Amino acid sequence: MESAKGGPRVPLRDWARYRFDRTLARSTGTLMGWLVITCLAVVVPVSLLLVWTDPGSPTSLSERLIAAWRISAETLRLGASTGTPLRMVLSAVLGLVALLCVSTLVGVITTGLADRMAELSRGRSTVLERGHVLVLGWSDQVTTVVGELIAAQDPRRPRAIVLLADRDKAEMEEALAARSGQTARKRIVCRSGPASDPDVLALVSPRSASTVVVLPAAGPTADAEVLRILLALRAVLGGGADGPPVLAAVRDDRYRAPARLAAGPLGTVLEADTVTARLIAQCVGRPGLSLVLRDLLDFACDEFHLTDAAAFHHRPFGATLLYHPNSCVVGLLTPEGRTLLNPTADTLVLPGSRLIVLARDAGSTRVEDCRHLVDASVIATARPEPAGPTRLLLLGWNRRAPLVLEQLRSTARPGSVVDVVADSAVPGPREPEGGGAARPDVRFRSLPLSRPEILLELDLDPYDGVIVLGPDREEGPDHPDDWTLVTLLTVRLLEQRTGRETRVVTELVDDRNRPLAPVNSGSDVIVSGMLVGLLMAQITQNRHLAPVFEELFAAEGNNVCLRPADAYIRAGAEATFADVVAAARERGECAIGYRWRDVARTGPADHGVRLNPPKSERRVWDAEDQIVVVATDRPHLPSVTGGPEESTSAGCGGRAGPPFRRDCGDRGGDPAGRPPDPGGRAGPG
């Protein structure tokens with residue numbers, strides 16, 4: 001068929017299909033008309049064929065037509081009345097009306113169910129849980145936080161974990177199930193919507209929650225969004241002091257004070273970047289510390305608990321260390337709610353105090369005299385540790401780099417130096433307070449680090465350690481860990497060329513890339529998001545232990561340290577872990593574990609780290625083993641005094657205050673001065 005203007009011939013089939021499509025697109029009535037015509041064109045001929053081919057059908061034409069009408073009417077649900085034509089027409093009209101009503105009813109029901117299913121899939125229904133943990137926002141830490149909260153729960157009394165984020169509900173459930181397992185999926189309730197909207201936030205019942213966790217998302221406006229969520233939570237709760245405890249995390253110090261005010265009197269605000277910077281700085285002087293902290297914060301291993309101290313009232317703290325065969329005592333929680341980490345051995349345990357212990361769980365801790373396990377002959381004489389200046393190389397720059405330099409400055413040894421090499425010129429950090437000879441010597445140099453051939457020209461021999469910081473995450477296909485892994489490969493190649501291993505401390509964003517990091521056994525890989533997530537999960541379970549982690553991750557005070565085993569036990573001697581605890585007590589420290597130098601015999605999964613071994617565990621101690629202690633330490637980190645003329649004397653733009661901010665009276669105590677719940681672990685599970 002040719003067009004009117006002499007165009008190409010259109011096949012009749014295509015033209016008929018085009019006309020049919022245009023007819024159907026006109027209106028619903030046209031569509032219904034075509035459906036009726038199609039049905040009649042099929043049903044009537046087939047009904048006639050059935051009647052005429054049936055040997056038992058009537059012989060007269062009128063009776064056969066009536067039989068065909070009955071078959072057609074029953075097929076189309078038009079009724080099967082026979083008789084006069086008027087009667088048959090009325091029967092057909094009733095059938096059509098009934099068909100219309102039934103079809104409309106089915107359509108309404110189907111549409112309603114479809115809308116309800118769509119609403120449920122969007123996660124906009126109300127949550128009626130009580131005592132649940134409410135997690136607001138989505139970030140790199142969410143899978144870690146949710147997974148650890150599930151691991152910490154009592155399987156006999158599981159509590160729901162409700163997550164509200166502005167993401168697709170199905171995507172959230174799939175991501176959390178991949179991390180926590182399908183068996184824990186029934187404990188997770190996901191709702192979709194902006195957590196900063198009070199109307200949406202009210203759907204997840206924040207008032208009946210046991211704890212509320214606010215996570216910072218990725219992006220430049222993450223802290224502002226956390227602040228909006230806290231204000232929305234305050235609006236929903238009414239601003240009173242009877243709401244649940246709130247734990248929030250911010251990255252920028254400028255949002256710390258507003259977030260603390262918005263979180264309320266029961267709020268705890270964690271500065272994620274400051275915590276990460278402190279971990280990096282601590283690992284520089286303590287090889288293997290990242291492995292210890294990972295086990296210490298992971299609920300799959302031993303963690304901190306609060307236990308009863310009634311058996312030690314009016315006795316010195318030092319006496320408690322050798323009376324716990326299956327746990328390690330590290331501090332006290334006073335009746336006033338103050339946290340004392342590694343107090344002096346003569347500190348009295350007053351009535352109402354609680355012991356801070358490292359144990360599998362609070363219920364497993366028991367009291368038993370272990371002094372008979374101590375053999376004084378195997379305890380080594382305390383010797384001073386060498387403390388000399390060191391020189392570090394920092395490769396890369398991100399928003400946490402100034403904080404890392406600030407932490408290195410606060411724990412510096414005189415005469416130490418930090419060389420910073422970045423892709424582009426970075427502004428020199430501000431002058432540290434006080435100035436003079438105590439200020440750090442930080443030297444900046446700009447090199448195109450994205451080119452591996454430039455990195456291969458670096459000389460690592462003068463450096464005692466290398467810190468690798470990846471770029472900040474930005475929108476785009478590139479991932480910060482990609483650059484970090486390339487840099488680590490280059491450093492490893494330099495090690496092979498010189499035959500000298502260099503201690504490397506590097507930061508990764510994704511925990512899945514940690515096994516890919518090409519580093520030697522003396523290096524540390526810090527997955528910042530995962531460690532911060534583990535820390536948040538620990539505080540969520542027991543907010544009264546927040547001061548413990550505050551001091552452990554601070555530049556000053558008591559930290560987790562790794563010391564040579566021969567400083568406690570004579571090298572080659574066979575001794576129990578009770579001997580190690582006794583030797584550490586003489587030095588004013590609390591021993592909590594060890595790291596075995598022979599990783600091949602312990603397995604690569606734990607890298608030789610063993611926390612909270614039984615006091616009766618006996619083994620031969622090697623000089624290269626390490627003892628994990630909670631002690632006051634000043635690691636061998638760079639300090640800045642004097643330097644070459646091209647050096648830039650500076651501090652850092654960060655701050656050295658504590659990363660935890662609580663709007664409470666005493667550290668770890670109730671705002672009203674009441675001691676915490678003596679039941680040990682607070683929160684769900």
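The values are calculated or read from the model by the stated rules, or taken from the named source; none is laboratory data. These numbers were taken from a predicted model, which means no experiment stands behind them. As a convention, Cβ positions derive from the backbone with ideal geometry for all residues, glycine included, and neighbour counts pool all protein chains shown.
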Looking at residue 466, is it assigned to a helix (DSSP H, G or I), assigned by TED's automatic domain parsing to the domain that holds residue 393 and modelled with pLDDT of 85 or more?
no
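Scan region 139-160 for residues that are of a type in the set (Gly, Ala, Ser) and within 17 Å of residue 248 (Cα to Cα) and report the count.
Restricting attention to region 139-160, the residues satisfying the condition of being of a type in the set (Gly, Ala, Ser) are 139, 147, 151-152, 160.
Retained after the next criterion (residues that are within 17 Å of residue 248 (Cα to Cα)): 139.
Matching residues across region 139-160 total 1.
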Here is a check on your reading of the model: is residue 291 surrounded by fewer than 21 Cβ atoms within 10 Å (Cβ to Cβ), in contact (Cβ under 8 Å) with a residue 12 or more places away in the chain and over 22 Å from the mean Cα position of the chain (by Cα)?
no
Quick one: residue 467 ticks every box in (1) crowded, with 19+ Cβ neighbours inside 10 Å; (2) free of Cβ contacts under 8 Å to residues at least 24 places away in the same chain except a single one, so which number is it?
(2)
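Would you pick out the residues in region 356-384 that are under 30 Å from residue 151 (Cα atoms), out of contact with any helix residue (DSSP H, G or I) (no Cβ under 8 Å at 6 or more places or on another chain) and either hydroxyl-bearing (Ser, Thr, Tyr) or not in a loop (DSSP other than H, G, I, E, B) (or both)?
Going residue by residue through region 356-384, those that are under 30 Å from residue 151 (Cα atoms) are 356-368.
Then keep just the ones that are out of contact with any helix residue (DSSP H, G or I) (no Cβ under 8 Å at 6 or more places or on another chain); that gives 357, 359-366, 368.
Result: 357, 359, 362, 363, 364, 365.
Take the conditions in the same structural domain as residue 43 (by TED's automatic domain parsing) and modelled with pLDDT of 70 or more and apply them to residue 56. Does it pass? It would help to see each step written out before you state the result.
Working: in the same structural domain as residue 43 (by TED's automatic domain parsing): yes; modelled with pLDDT of 70 or more: yes.
Yes; evaluated as a whole, the condition is true for this residue.
Could you please find all residues in region 55-71 being farther than 22 Å from residue 39 by Cβ and surrounded by 10 or more Cβ atoms within 10 Å (Cβ to Cβ)?
Initial filter on region 55-71 (farther than 22 Å from residue 39 by Cβ): 55-63.
Hits for region 55-71 are 57, 58, 63.
Taking region 485-532 only, how many residues are polar (S, T, N, Q) and either surrounded by fewer than 17 Cβ atoms within 10 Å (Cβ to Cβ) or out of contact with any strand residue (DSSP E or B) (no Cβ under 6 Å at 6 or more places or on another chain) (or both)? Give the derivation first.
Let us first name the residues in region 485-532 that are polar (S, T, N, Q), namely 487, 490, 496, 498, 502, 506, 513, 520-521, 523, 528.
Narrowing the set further to residues that are either surrounded by fewer than 17 Cβ atoms within 10 Å (Cβ to Cβ) or out of contact with any strand residue (DSSP E or B) (no Cβ under 6 Å at 6 or more places or on another chain) (or both) leaves 490, 496, 498, 513, 520-521.
Total meeting the criteria: 6.
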Just wondering, is there one or more residues in region 507-522 that are at pLDDT 85 or above and acidic (Asp, Glu)?
yes
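Does region 315-323 contain at least one residue that is within 30 Å of residue 465 (Cβ to Cβ) and either small (Gly, Ala, Ser) or out of contact with any Pro (no Cβ under 9 Å at 6 or more places or on another chain) (or both)?
Restricting attention to region 315-323, the residues satisfying the condition of being within 30 Å of residue 465 (Cβ to Cβ) are none.
No, region 315-323 contains no residue that is within 30 Å of residue 465 (Cβ to Cβ) and either small (Gly, Ala, Ser) or out of contact with any Pro (no Cβ under 9 Å at 6 or more places or on another chain) (or both).
Yes or no, residue by residue, for (1) out of contact with any Phe, Trp or Tyr (no Cβ under 6 Å at 6 or more places or on another chain); (2) assigned to a loop (DSSP other than H, G, I, E, B); (3) surrounded by 15 or more Cβ atoms within 10 Å (Cβ to Cβ); (4) in the same structural domain as residue 467 (by TED's automatic domain parsing):
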residue: 314; (1), (2), (3), (4): yes, yes, no, no
residue: 325; (1), (2), (3), (4): yes, yes, yes, no
residue: 336; (1), (2), (3), (4): yes, yes, yes, no
residue: 340; (1), (2), (3), (4): yes, no, yes, no
residue: 343; (1), (2), (3), (4): no, yes, yes, no
residue: 389; (1), (2), (3), (4): yes, yes, yes, yes
residue: 397; (1), (2), (3), (4): yes, yes, yes, yes
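Among the residues of region 346-355, write down those that are in contact with a strand residue (DSSP E or B) (Cβ under 6 Å, 6 or more places away or on another chain) and assigned to a loop (DSSP other than H, G, I, E, B). Reasoning before the result, please.
If we filter region 346-355 for residues that are in contact with a strand residue (DSSP E or B) (Cβ under 6 Å, 6 or more places away or on another chain), which is where we start, we get 346, 353-355.
Listed by number, the residues that qualify are 346, 353.
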Residues of region 145-177 that turn out to be under 15 Å from residue 300 (Cα atoms) and either of a type outside the set (Val, Ile, Thr) or at pLDDT 85 or above (or both), as a count
10
Across region 156-172, the tally of residues that are part of a loop (DSSP other than H, G, I, E, B) and among the β-branched types (Val, Ile, Thr) stands at 0
Please indicate, with yes or no, whether at least one residue in region 542-558 is outside the structural domain of residue 153 (by TED's automatic domain parsing) and part of a strand (DSSP E or B).
yes
Can you find even one residue in region 609-623 that is in contact with a strand residue (DSSP E or B) (Cβ under 9 Å, 6 or more places away or on another chain) and at pLDDT below 85?
no
Pairs with Cβ under 6 Å, 6+ apart, first in region 338-354 and touching a residue at least 12 places away in the same chain (Cβ under 8 Å), second in a loop (DSSP other than H, G, I, E, B) and of a type in the set (Asp, Glu):
338/666
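Of the residues 196, 192, 180, only one is at pLDDT 85 or above and farther than 24 Å from residue 251 by Cβ; which?
Result of the check over 196, 192, 180: 192.
Take the residues of region 346-375 that are among the aliphatic types (A, V, I, L, M) and either assigned by TED's automatic domain parsing to the domain that holds residue 592 or within 37 Å of the chain's Cα centre (by Cα) (or both): which is surrounded by the fewest Cβ atoms within 10 Å (Cβ to Cβ)? Full working, then the answer.
Step one: of region 346-375, the residues among the aliphatic types (A, V, I, L, M) are 348-350, 355-359, 362, 367, 373-374.
When the remaining residues are screened for being either assigned by TED's automatic domain parsing to the domain that holds residue 592 or within 37 Å of the chain's Cα centre (by Cα) (or both), the result is 349, 355-359, 362, 367.
Details: 349: 22, 355: 25, 356: 27, 357: 25, 358: 23, 359: 21, 362: 18, 367: 16.
Step by step, filter region 346-375, then rank; the result is 367.
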